[in-house]
Structure formats: C-alpha cells, structure tokens
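Here is the structure we will look at, set down as structure tokens.
The values are calculated or read from the model by the stated rules, or taken from the named source; none is laboratory data. These numbers come from a predicted model, not from an experiment. Neighbour counts are summed over all protein chains in view; Cβ atoms, including those assigned to glycine, are modelled from backbone coordinates with ideal geometry. For the accessible areas, the whole protein counts, side chains as well, though only heavy atoms, and no ligand, DNA or RNA atoms are used. Shrake-Rupley method; radii C 1.70, N 1.55, O 1.52, S 1.80 Å.
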Amino acid sequence: MLPGIAVAQSSEGGAMSQEFMVMAIFSVLILMVIVLIAVIVSLMSLKKVIREVARQTTGEEEGVEEAPGWWTKFNKKLWNWTSVEEERDILLDHNYDGIRELDNHLPPWWTYLFYVTIAFGVVYLLVFHVFKTQPLQIEAYNMEVAEAAKAAEARQAAQAEEGKGFDELSMQFSDDPEVLAGGENIFKMQCAACHQPDGGGLIGPNLTDKYWIHGGSMADIYRTIKVGVPDKGMISWESVLSPTKIRDVASYILTLQGTTPANPKEPQGTLYEGDATGKE
Ligand code: HEC
C-alpha cells in the first residue's frame, strides 16, 4: 500500500521527496531490524557463557540434560509434528502394496499463514472497496498517467518557449565551448551506447566520416536527432532533449568529423560535400 500512499499524497513536484521519505523510513527500519537481530544473537551467546561460568563455579556436572530452549519450543509449536514413537496412532488403515499412510495434520505455521491472508483480505476489502481510502490499481494507474501527461505538457510548453526564435531549418553549427561541452555530455550519456563514445559507430552509424544516411548539413543532423529513425533503432529525441540540447549535441557531433575512432564502422550513406561546421 505504501506506493499508493505516496501517489495519493504527492502533489506537484512532491513525488520525488515523498518517494525519498518512504525509502528513508524503510532503510531506517531495516537497519533497526538488523541491529535488533545482532543484539539478540550476542545476548544469546552471552547467556551461554554465563551459564557455563555458573556451571563451573557451582561444580555442576556437565552433560546434564538441558530444558529445551525457546527456539526448540517455538519450532515445535510451528510444526507440531508427531514424534516417531507416536506415529502408530495416526497410521491410516490403507495398505498400498506395503506403503502405509500417516494422517498428518497441516503444520500450524501453514494454518496461521492462512488466517493472516484472511485478515489481510478483510483489511484489503475495507480499505479498497468499502471505505475506498486507497485508489484501486486502475485508478492509481490513471492518476499517474494524468500526472505524467501534465508533466509532459509542461515540458513541451517549456520547450516551445525555449524554441522560440529557434529556426530549425537554418540551424547553425555552434563552436561555443559551452555548447560543445554540453553536447559532449549529452552524447556520452545518451548516444554513446549506440554510436560509441568516440562516434565510431556500433548499432548506429559512424558519425566521424563524411558519409551520412540522412544528410550531413547541420539542419539535417538536427532533424535526424529530433525525429529519429524509429524503424532503424534510432529513437526520436524530441521528447527527451530540448531544442537547444539537440542543437548542442548536433554541434558536438560535427566536431567529431575527421577524427579517427578506435573501431570505426564502414561509411554508410552518401558523401556530404559541404562543410557543415563552416558558416554556410
Ligand atoms: C538505440 C541506439 C541509438 C541511440 C541511443 C542513438 N542512436 Fe543515433 N542512430 C542509431 C541508428 C541505428 C542510426 C541509423 C539509422 C538509419 O540506419 O537510418 C542512427 C543514426 C543517427 C544519425 C544519422 C547518421 C547518418 O548517417 O545520417 C545521427 C546524427 C544520430 N544517430 C545521432 C544520435 C544522437 C545525437 C544520439 C543521442 C542523443 C543518438 N543518435 C542516439 C541508433 C542510436
């Protein structure tokens, strides 16, 4: 139910911190359980030592039959097995070619678990269907989708705002170091998996040669990155990268022209004669 609570309580922008809070509380709880176990284990070994010392000081004989410990008792309660001596009492009458059957009952831990699921079912029914304090899965899903749609809308609006005065058709290469550094960062993070960090190509084509499948002008490259080539495995980056970011990474790609990557892929596409980095 915790994710549900997180969704229900998170308002605009609060989702992250909410998730973080839940994670933090969980981590602390887990830590506390670990510490508790460590304390119990050390107390138990301490008890053993104390008993041993007591035995030595009182001169009690060793090998005295100890009363069963709490774990043995607990285990016995969990399983409530029939001891071998008593098996005769639960033997059934059937005899299948010498194979006899014991009428064992279900182990108590199993029945307890069953009761727990009944209790859980009641709580679940009350929470989700009677009092409706938590959204059902489909509602939670719809809420999340609506939230994501709102966020996407806001992002698109922000990008449209940023894209104003941005003419994609006469897109120019920029040698501004800040632009290229930003572009390099994006390339290493998002594109290197398919194009190699040095642009030599892997799943995607070599970006360091003068051959381009989709055109080698700045506007062409910008458009390829923006709309992608979905059926060839190059996604549209429009929804991920803002226009400026696409400009940055396109500019960075052009700085790779003429470099010699470690494992270059053979050229693909047609030769682009112009120099896209020159101010055309
Ligand atoms: C999942 C793999 C993958 C990722 C990630 C990827 N690409 Fe591509 N990319 C491709 C493939 C495959 C092609 C070739 C498409 C085709 O054959 O038409 C391609 C083509 C291109 C082209 C056109 C090359 C040409 O010859 O015309 C450019 C430019 C490009 N990618 C840039 C990028 C940039 C920038 C990024 C990161 C923002 C990126 N790619 C991320 C797979 C990828």
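What to note about this one:
- Of all residues in the range 152-167, those satisfying the criterion of being in a loop (DSSP other than H, G, I, E, B) and open to solvent by 60 Å² or more (accessible area, probe 1.4 Å) are 164, 165, 167.
- Index of the failed condition, residue 193 passing every other in (1) over 17 Å from residue 226 (Cα atoms); (2) in contact (Cβ under 8 Å) with a residue 40 or more places away in the chain: (2)
- Residues of the range 198-217 satisfying the condition of being in a loop (DSSP other than H, G, I, E, B) and either farther than 22 Å from residue 264 by Cα or touching a residue at least 60 places away in the same chain (Cβ under 8 Å) (or both): 198, 199, 200, 201, 202, 205, 206, 210, 216, 217
- Considering the range 196-217, the residues that are under 32 Å from the mean Cα position of the chain (by Cα) and open to solvent by 20 Å² or more (accessible area, probe 1.4 Å) include one that is farthest from the ligand (Cβ to nearest atom), namely 198.
- Screening residue 149 on (1) over 30 Å from residue 277 (Cα atoms); (2) open to solvent by less than 90 Å² (accessible area, probe 1.4 Å); (3) touching an Asp or Glu at 6+ places or on another chain (Cβ under 9 Å) shows it passes everything except condition (3).
- Any hit, the range 130-150, residues being over 44 Å from the mean Cα position of the chain (by Cα) and of a type outside the set (Phe, Trp, Tyr): no
- Scanning the range 218-242 for residues that are assigned to a loop (DSSP other than H, G, I, E, B) and either more than 9 Å from the ligand (Cβ to nearest atom) or touching a Gly at 6+ places or on another chain (Cβ under 9 Å) (or both) yields a count of 7.
- Boolean, residue 142 is open to solvent by less than 80 Å² (accessible area, probe 1.4 Å), part of a helix (DSSP H, G or I) and of a type outside the set (Asp, Glu): no
- Entry remark, the range 171-191: residues being assigned to a helix (DSSP H, G or I) and either crowded, with 18+ Cβ neighbours inside 10 Å or more than 8 Å from the ligand (Cβ to nearest atom) (or both) number 14 in total.
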